[in-house]
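Shown next, in structure tokens, is the structure this report addresses.
The values are calculated or read from the model by the stated rules, or taken from the named source; none is laboratory data. On a predicted model such as this, the values are computed, not experimentally measured, just so you know. FYI the Cβ positions are ideal-geometry reconstructions off the backbone, even for glycines, and counts take in every protein chain you see.
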Amino acid sequence: MSTNSMRIVTPSRRDLLFGSAMGLGSVALSAMMAAQGPHHKAKAKNCIFLLMEGGPSHIDTFDPKPRLDALHMTKFQKERNKFEANMNTGERYYVKSPFQFRRAGKMGIEINSLFEQFAGVVDDVCFYRGLRAESVNHPTALYHLNTGTQFGGDPAIGAWTSYGLGTVNRNLPSFVVLPDTAYPQGGAANWSNGFLPAVHQGTPLRPTGAPVLDMAPPAGVTAENQRATLDLLKELNARHQQRHPAHAELAARVESYELAFRMQAEMPRVLDIGKETAETLAMYGIGGANKDEDAIGRRCLLARRLVAAGVRFVQVIVMGWDSHDYIQNAHGARIRAIDRPVAALLKDLKRTGLLDETLVVWSGEFGRSPDNGIRGGGEAWGRDHNATAMTCWLAGGGVKAGHIIGATDETGLKGTEAVHPIRDFHVTLLHLLGLDDSKLRYLHAGREKQLSQTGGELIRELLA
């Protein structure tokens, strides 16, 4: 070899830094996956978030307004505010609720009479009537409820929970989504990992057919074959990562392959609801004549099985609440479809001892208005979007069961007591899970970011 062919290359400062970083390559993935850990003693270990996509009417579900009976079909007099700027601006009239209400539980909490099964569990529920949204557009409002920002692209609350607490069962995703037959407006960005490592993104399970495609290996492919293939792939990816050490996505991709391999043994068992008793299936409405109830019941039962197996955050999505007209038919059908499954979920969590450590949340992206929506009177009336008043409820996991917190005005147009923005709601949910929003941060684009965006305060009235 000639002297001219032998060159000593002095590494640049950047090469040295990257080389040092890759000297820790064996722990890079572990560091990415490492949870911050709880910041204080948690009331709940996991969360089931029941997302009612479309904006259920608080006035027609859990916040009745008798005053609307007297105002029915009188002209709606009000200047539109910034939240209502895009609402229909034609002639509008107050409309009463087409539903009857009943008192349930020890506190005599008023709920829509169609909630027959749910009436039996209201003593385990904390109804919050003071939540306030900031958008009346479905995609932006859904992004805000799920990710803390109206613009999309930020991590979902389930991703933040995964990042903060890590996984209980390494053979399952820490954040699972159970969508309806279609995705909600805004799509998969509602359960995105955003700028957090990709291992924290939500894993959606298909509502029909095989929940996870290709879960079983092809015929003739053994676990040993797969293990050898993954080991080779890991080695090749490790070499690639040495050349591109700043690309954290590659480490996440390796972990996704490994997780998929581990899931083959665990996930089919968790998803097999056929192992449940006939009594349990009937309790959820599974196998009954109401096909919508059956579908929602299956997702609610899967949610219970997933948290029991160690999944940190499960989101169940129920669509169809956007009732601009014919609200009696549309909301009535939705209430009948969720009544039995949701009540069964709370009963089942309680009887299996999971309710105390599981936070259950029910919410839409905003409420609805006390005046008619797009169409006129008669049975055709509906309600428009309303960001200034909405009702959600919580159960288990350290909340004040059997209470109503907050209030709206006599027509249900706006919140009047214990009014808080969604960022405070997020702060409170994280707190119940043992996480402090002010400490749960991630450096991105040159600054520390958090779910609440700019910070918020606890809604202490909700806490037991």
Just one of the numbered conditions (1) without any contact (Cβ under 8 Å) to a residue 12 or more places away in the chain; (2) under 23 Å from the mean Cα position of the chain (by Cα) is not true of GLY446; which one? (2)
May I ask you to say which residue of THR408, THR454 is surrounded by fewer than 21 Cβ atoms within 10 Å (Cβ to Cβ), polar (S, T, N, Q) and over 19 Å from the mean Cα position of the chain (by Cα)? THR454
Within the range 65-99, track down each residue that is modelled with pLDDT under 65, within 32 Å of the chain's Cα centre (by Cα) and assigned to a loop (DSSP other than H, G, I, E, B). ARG80, ASN81, ALA85, ASN86, MET87, ASN88
Would you mention how many residues in the range 306-330 are surrounded by fewer than 24 Cβ atoms within 10 Å (Cβ to Cβ) and either among the charged types (D, E, K, R) or over 24 Å from ASN190 (Cβ atoms) (or both)? 6
Identify, from the list ALA228, ALA189, ALA182, the residue that is at negative phi, without any contact (Cβ under 8 Å) to a residue 12 or more places away in the chain and out of contact with any Asp or Glu (no Cβ under 7 Å at 6 or more places or on another chain). ALA228
Tally time: how many residues in the range 88-127 are over 21 Å from ALA70 (Cβ atoms) and hydroxyl-bearing (Ser, Thr, Tyr)? 1
Regarding ASN190, is this residue buried (at least 19 other Cβ atoms within 10 Å of the Cβ) and among the polar types (S, T, N, Q)? yes
Restricting to the range 217-238, and then to whatever is surrounded by 11 or more Cβ atoms within 10 Å (Cβ to Cβ) and closer than 18 Å to PRO268 by Cα, can you tell me which residue is farthest from the chain's Cα centre (by Cα)? VAL221
Scan of the range 415-439 for residues that are surrounded by fewer than 22 Cβ atoms within 10 Å (Cβ to Cβ) and either over 16 Å from CYS392 (Cβ atoms) or in contact with a helix residue (DSSP H, G or I) (Cβ under 6 Å, 6 or more places away or on another chain) (or both), ordered by number: THR416, ALA418, GLY434, ASP436, SER438, LYS439
Residues ALA333, ALA303: which one is surrounded by fewer than 24 Cβ atoms within 10 Å (Cβ to Cβ), modelled with pLDDT of 95 or more and part of a helix (DSSP H, G or I)? ALA333
Quick one: what pairs do we get from the range 382-399, first residue within 14 Å of ILE422 (Cα to Cα) and at pLDDT 95 or above, second part of a strand (DSSP E or B) and aliphatic (A, V, I, L, M), C-beta under 8 Å, 6+ apart or different chains? MET390/LEU131; THR391/LEU131; CYS392/LEU131; CYS392/VAL361; TRP393/VAL125; TRP393/VAL361
Taking the range 96-133 and keeping only residues that are under 23 Å from TYR284 (Cα atoms), polar (S, T, N, Q) and without any contact (Cβ under 8 Å) to a residue 60 or more places away in the chain, one is left with SER113
Per the filter on the range 222-238, residues assigned to a loop (DSSP other than H, G, I, E, B) and at pLDDT below 75 are none
Take the residues in the range 105-157 that are of a type in the set (Lys, Arg) and assigned to a strand (DSSP E or B); name whichever of them is surrounded by the fewest Cβ atoms within 10 Å (Cβ to Cβ). ARG132
Residue under evaluation ARG102, criteria (1) surrounded by 17 or more Cβ atoms within 10 Å (Cβ to Cβ); (2) touching a strand residue (DSSP E or B) at 6+ places or on another chain (Cβ under 8 Å), criterion not met: (1)
Picked from the range 245-279 (must be at pLDDT 75 or above and outside any helix (DSSP H, G or I)), the residue farthest from THR203 (Cα to Cα) is THR277
Subset of the range 158-188 [closer than 23 Å to GLN264 by Cα, among the small types (Gly, Ala, Ser) and in a loop (DSSP other than H, G, I, E, B)]: GLY166, SER174
Taking the condition closer than 28 Å to ALA210 by Cβ, among the β-branched types (Val, Ile, Thr), assigned to a loop (DSSP other than H, G, I, E, B) and at pLDDT 95 or above, does VAL311 pass? yes
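Residue-wise test of (1) more than 20 Å from LEU172 (Cβ to Cβ); (2) touching a Lys or Arg at 6+ places or on another chain (Cβ under 8 Å).
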| residue | (1), (2) |
| --- | --- |
| GLU293 | yes, yes |
| ARG299 | no, no |
| ASP322 | yes, no |
| VAL342 | yes, no |
| THR352 | no, yes |
Select from the range 185-205 the residues that are within 20 Å of THR140 (Cα to Cα), of a type outside the set (Gly, Ala, Ser) and touching a Pro at 6+ places or on another chain (Cβ under 8 Å) and list them in ascending order. GLN185, ASN190, TRP191, ASN193, PHE195
So which strands (runs of 3 or more DSSP E) stay within the range 383-464 end to end and still have 1 or more residues that are among the charged types (D, E, K, R)? 383-386, 415-417, 447-449
Assess whether GLN117 counts as being polar (S, T, N, Q) and out of contact with any helix residue (DSSP H, G or I) (no Cβ under 8 Å at 6 or more places or on another chain). no
Any chance VAL342 is in a strand (DSSP E or B) and closer than 30 Å to LEU306 by Cα: no
